Amino acid sequence: DWSTMGVEELVNQTLEGGIDAVDAALRPVAAKAFHSFDIAQLSKGKDAAVEALVGPVRLCFTARPRGIAIADWEFAVMDVLSAMFAKAGCASSSCIRAVFRRAKADQDNEDGKHDKLSAVRYYEYYAKLRFQECTLRDRVRTETFQTALAANAVDIDGKTVLECGAGVGMISIFAAQCHAATVYCVEASNLADSAKKLMEHNKINNVAVLKCLVEDAPIPRQSVDLIVSSWFSSFLFAERGMGAMCVARDLYLKPGGKMFPSACDFCVAPFSDESLLQDRLTRSPFWGQKSWYFLDLSCLKEEAIRQ
């Protein structure tokens, strides 16, 4: 008789059947999430019910264990809500849909905050002059950009240039030296402060340092003649700089505008390093041990050698 059950007892009773692994995992989660829930809230109208349920349902969503499908988990949560509405003696279907939509939207917003926090930490990590020093001391890279811009000064003289992911803005300075009318130097990390100091100290007046993500830059749409960026990294794509370059292109580049660099040749070749191979093979005896903490590891030796 649901009318005489408390919330925790109701949850346990509801989750006795169904998909065993899902129900077993959800039972303690739901009991905790709905521990102090007042089922009388469900009879106060749809809006009140949604407000009351969205918090506990979000807790259930975020506690889904790895290995359990989202759909199976949500169906089990839905069973719990249906039982609560049945106990309260009111219709449930439209309200449950509204609760799920709201809980998912809130979770998506929370995930977005975590993504932004990860980005902030990434930029904080790389916002060190020692990383910039390694980049700038690469003479091939630095001089190639300087030479390429100077050789194409006709595309820069009097034009508007954007550098995204600028670091301390060295490429922006090269563009400024080619008489660009305006150079937008966009850098999301605290290196933007160093770039601004560098511009002021060297009296470079045609570079505007913008401390923000490229998509948030206060630059008029389709107003840039040239986008330049040292976006490539380990194995070309490692730091996802090409994504920012494409965003900048779609937002700010004029029709017929140019991008430096504009193309890449991506070369991959197989190779064999005998010394490296021998180094790895000398480690394989570890997996040949037959009494490692009383365990026989030898069944993995061939796989270790193959890898």
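The values are calculated or read from the model by the stated rules, or taken from the named source; none is laboratory data. Everything numeric in this text was worked out from a predicted model, so none of it was measured. For neighbour counting, all protein chains shown are included, and Cβ atoms are generated from backbone atoms with ideal geometry for every residue, glycine included. Areas reflect the complete protein model, heavy atoms only, side chains present, ligands, DNA and RNA absent. Shrake-Rupley method; radii C 1.70, N 1.55, O 1.52, S 1.80 Å.
Name the long-range amide H neighbours of V209: under 5 Å, sequence gap of 5 or more, or other chain; modelled H, no Pro or chain starts.
Placed amide hydrogens put C185 under 5 Å from V209.
Please report the accessible area of I70 (heavy atoms, 1.4 Å probe, ligands and nucleic acids excluded) in Å², nearest 10.
Looks like 90 Å² after rounding.
Normalised by the empirical 2.2 N^0.38 Å for globular proteins, what value does the Cα Rg of the range 202-307 take?
Relative to the 2.2 N^0.38 Å estimate, the range 202-307 comes out at 1.96.
Past 19 Å, Cα to Cα: identify those pairs from K159/K211; K203/K254; K211/K258; K128/K197; K197/K254; K128/K159, in the order given.
Where the Cα-Cα span goes over 19 Å, the pairs concerned are K159/K211; K203/K254; K211/K258; K197/K254; K128/K159.
Ranked highest first by average number of other Cβ atoms within 10 Å, how do 77-85, 269-277 line up?
77-85, 269-277
Could you provide, to the nearest whole Å², the per residue accessible area of the range 155-207 with probe 1.4 Å?
On a per-residue basis, 42 Å².
Give the peptides 258-268, 160-170 in descending order of average Cβ contacts within 10 Å, highest first.
Peptide ranking by packing, descending: 160-170, 258-268.
Could you check how much of the accessible area of the range 237-290 is carbon and sulfur, as a whole percent, using a 1.4 Å probe?
58 percent
Residue separation times 0.36 nm, minus the C-alpha to C-alpha distance between M242 and Q177: what's the value?
Full extension from M242 to Q177 adds 20.9 nm.
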